[in-house]
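Novice: Right, I'll just put the structure down here and ask away after.
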Amino acid sequence: MPVEHRVAARGRLRARVVGVVAGRVSVPGMGQEGEGGASGRGRCVGWPALDERRGPLQASLGTLGQWLQPGMADSAQAQKLVYLVTGGCGFLGEHVVRMLLQREPRLGELRVFDRHLGPWLEELKTGPVRVTAIQGDVTEAHEVAAAVAGAHVVIHTAGLVDVFGRASPETIHEVNVQGTRNVIEACVQTGTRFLVYTSSMEVVGPNTKGHPFYRGNEDTLYEAVHRHPYPCSKALAERLVLEANGREVHGGLPLVTCALRPTGIYGEGHQIMRDFYRQGLRLGGWLFRAIPASVEHGRVYVGNVAWMHVLAARELERRAALMGGQVYFCYDGSPYKSYEDFNMEFLGPCGLQLVGARPLLPYWLLVFLAALNALLQWLLRPLVLYAPLLNPYTLAVANTTFTVSTDKAQRHFGYEPLFSWEDSRTRTILWVQAAGSSAQ
Ligand SMILES: NC(=O)c1ccc[n+]([C@@H]2O[C@H](COP(=O)([O-])OP(=O)(O)OC[C@H]3O[C@@H](n4cnc5c(N)ncnc54)[C@H](O)[C@@H]3O)[C@@H](O)[C@H]2O)c1
Ligand SMILES: CC(C)CCC[C@@H](C)[C@H]1CC[C@H]2[C@@H]3[C@H](O)C=C4C[C@@H](O)CC[C@]4(C)[C@H]3CC[C@]12C
């Protein structure tokens, strides 16, 4: 285990650094010119309004020339940058960390900030890039500020992903909204100019009315009304990030922010996929269709989501005027399918079968069971945490078509999926097989 020590950061800020390891850098990526676009806005029912704090430069985004420091373009190749990834030990965060090490040529130091540090960070010991593991909590403003101090770019992916009622609404709000506010304020205080936020499709929908969002893009009009704490928190946090674009950071330059909105992410490390696999194994290799095959659910491979983060972070500097304050859905070539049929793309080759061309239970019965689960969760809460996959919210999400079709990230910062559907599928199958056999 690494030796625990403390480092002094800018001013009186201090960070708890629990390890320093080094990783490898390789192949550069790409980028091209694009055009502007719009960002979505949601409405949270029953949640506090946001501070209406806007940066002085918010309303007047300048030309690219105004955003670049003198000589920056010339020195860009030589300059080594410090990146901070919050939530860097999570499902997506680990892929972002590894992707940065493999594909960001300007990476000089990579700070991985998480409440729970993964042992795999130790693997990243060889190579020229300094990797700094920082155990910290985004809800603690001083810990965030200490980690951010001196970083050029922050990728803020830490979040409490809970649609099952495991955490309280207050905790979800604290981590996702206050945590994001802390990251923004840390950037402003310490002079960090570039912030990429991992948002979610749920900032848009599905809404509580079950309206379909079919092949939508960032400009598609949709009635985004949130009641569940998780989408509420993501919507509020995304708004904070977008509104912070243009705020003056320490040193006088403007903050540049953007938000990426993945749909349902799949790939190596996806816990819910592993849970379905294990459940199928327990049921003798069978899974039972609950949702009609006609309900399409957007999915995106984790490696492509990570790649989009890396590209967005890289291009924010050069394309600040275009990308600042923008939202981008995360997309790739994964096929449009129902949630269960899509899972079968991986679970099928692992030996599971989905029974039924149509749902085996009538929808009203699922609604009843979901409501019963919610009631049981509430009744049992003082005694035990009962948090099954099926509840009224997850049923509504699974049973509402939500698919995106867009090229905004391609136009704005040259994003193309790095992994084909075939690659993504193969990698995920191999992981499910390994995860399944380790569970035996
Ligand atoms: N998984 C998906 O399908 C999906 C889809 C869209 C968006 N997202 C977003 O992507 C991000 C990552 O999600 P994920 O699926 O990798 O989840 P995850 O739970 O695997 O990762 C989140 C990471 O954040 C860390 N974290 C949580 N609370 C923290 C705190 N208070 N301080 C510091 N670190 C903390 C966790 O330890 C974890 O490592 C989240 O912001 C989530 O909202 C996920
Ligand atoms: C009705 C049951 C048989 C099936 C239950 C499946 C359910 C657990 C799944 C379906 C859709 C899933 C969500 C969707 O992929 C997108 C996201 C966005 C992301 O920000 C967090 C995860 C989440 C909510 C998925 C959670 C699991 C869901 C609801």
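The values are calculated or read from the model by the stated rules, or taken from the named source; none is laboratory data. Fair warning: this is a prediction, and the values are worked out from it, not measured in the lab. Cβ: placed from backbone, ideal geometry, glycine included. Neighbour counts: every protein chain shown. Just so you know, the surface numbers come from the protein's heavy atoms only, side chains and all, with ligands and any DNA or RNA stripped out. Shrake-Rupley method; radii C 1.70, N 1.55, O 1.52, S 1.80 Å.
Novice: Leaving ligands and nucleic acids out of the surface, order Leu84, Leu369 by accessible area at 1.4 Å, largest first.
Specialist: Largest to smallest exposure gives the sequence Leu369, Leu84.
Novice: Considering only DSSP states other than H, G, I, E and B, which trypsin sites (Lys or Arg not before Pro) in segment 142-221 qualify as loop sites with at most 16 other Cβ atoms within 10 Å?
Specialist: Sites meeting the loop and neighbour criteria: Arg166, Lys209.
Novice: To one decimal place, what orientation-averaged projected area in nm² is obtained for the convex hull of the Cα set of segment 82-214?
Specialist: 9.5 nm²
Novice: Same structure again: If I stretch the segment between Tyr363 and Arg381 completely, what's the gain in nm (0.36 nm per residue apart, minus their alpha carbon distance), one decimal?
Specialist: Length gained between Tyr363 and Arg381: 3.8 nm.
Novice: Right, next: How much accessible area does His142 have with a 1.4 Å probe, in Å² rounded to the nearest 10?
Specialist: Around 110 Å² of this residue is reachable by solvent.
Novice: Taking the Cα centre of each part, how many Å lie between segment 324-389 and segment 188-240?
Specialist: 20 Å
Novice: Also, I was wondering about something else. Once you put a point 7 Å from the Cα of Asn217 and another 7 Å from the Cα of Phe288, both along the Cβ direction, what distance in nm separates them?
Specialist: Using points 7 Å along Cα→Cβ, the separation is 4.3 nm.
Novice: Could you calculate the contour length gain from Trp120 to Gln79, that is, 0.36 nm times the residue separation minus the distance between their Cα atoms, to one decimal place in nm?
Specialist: Once the chain is fully extended between Trp120 and Gln79, it gains 12.0 nm.
Novice: Also, quick follow-up: Mind listing the long-range amide H neighbours of Phe194? Cut-off is under 5 Å, sequence gap 5 or more, other chains count too, H placed in the peptide plane at 1.01 Å from N.
Specialist: Hits under the 5 Å cutoff: Val154, Val256.
Novice: Right, another one. Considering only protein heavy atoms, with the full assembly of protein chains and a 1.4 angstrom probe, order Met273, Met344 by accessible area, largest first.
Specialist: The ordering from most to least exposed comes out as Met344, Met273.
Novice: If you don't mind, there's one more thing I want to ask. Of all alpha-carbon pairs in segment 201-312, indicate the percentage at a distance above 26 angstrom.
Specialist: Of all Cα-Cα pairs in segment 201-312, 37 percent lie more than 26 Å apart.
Novice: So what's segment 155-205 giving for Rg/Rh, alpha carbon basis, Kirkwood Rh from the mean inverse pair distance?
Specialist: Across segment 155-205, the Cα-based Rg/Rh ratio is 1.03.
Novice: When the gyration tensor of segment 136-279 is built from Cα positions, what are the square roots of 5 times its three eigenvalues, in whole Å, from largest to smallest?
Specialist: Listed largest to smallest, the semi-axes of segment 136-279 are 28, 19, 14 Å.
Novice: HN-Hα J couplings of segment 359-369 from phi, Karplus 6.51/-1.76/1.60, θ = phi - 60°, integer Hz, Gly and Pro as x?
Specialist: Each residue's phi maps through the Karplus curve to give x, 6, 9, x, 4, 4, 6, 4, 4, 5, 5 Hz.
Novice: Mind listing the long-range amide H neighbours of Gln353? Cut-off is under 5 Å, sequence gap 5 or more, other chains count too, H placed in the peptide plane at 1.01 Å from N.
Specialist: The answer is Trp286, Leu287.
Novice: Oh, and also: Quick one: Kirkwood hydrodynamic radius for segment 265-421, alpha-carbon pairs, angstrom, one decimal?
Specialist: Its Kirkwood hydrodynamic radius stands at 17.9 Å.
Novice: Quick one: ranking Arg103, Arg318 by accessible area, 1.4 Å probe, largest first, what do you get?
Specialist: Solvent-accessible surface, decreasing: Arg318, Arg103.
Novice: Quick one: with all protein chains in place, what share of the accessible area of segment 82-165 is carbon or sulfur, to the nearest percent (1.4 Å probe)?
Specialist: 53 percent
Novice: Oh, and also: Kirkwood hydrodynamic radius (Cα pairs, Å) of segment 341-440?
Specialist: Result for segment 341-440 stands at 17.4 Å.
Novice: At R0 = 30 Å, how high is the FRET efficiency between Leu430 and Leu253 if r is their beta carbon distance? Nearest 0.05 is fine.
Specialist: 0.10
Novice: Volume per residue, Å³, of the convex hull around the alpha-carbon atoms of segment 323-374?
Specialist: Each residue corresponds to 177 Å³ of Cα convex hull volume.
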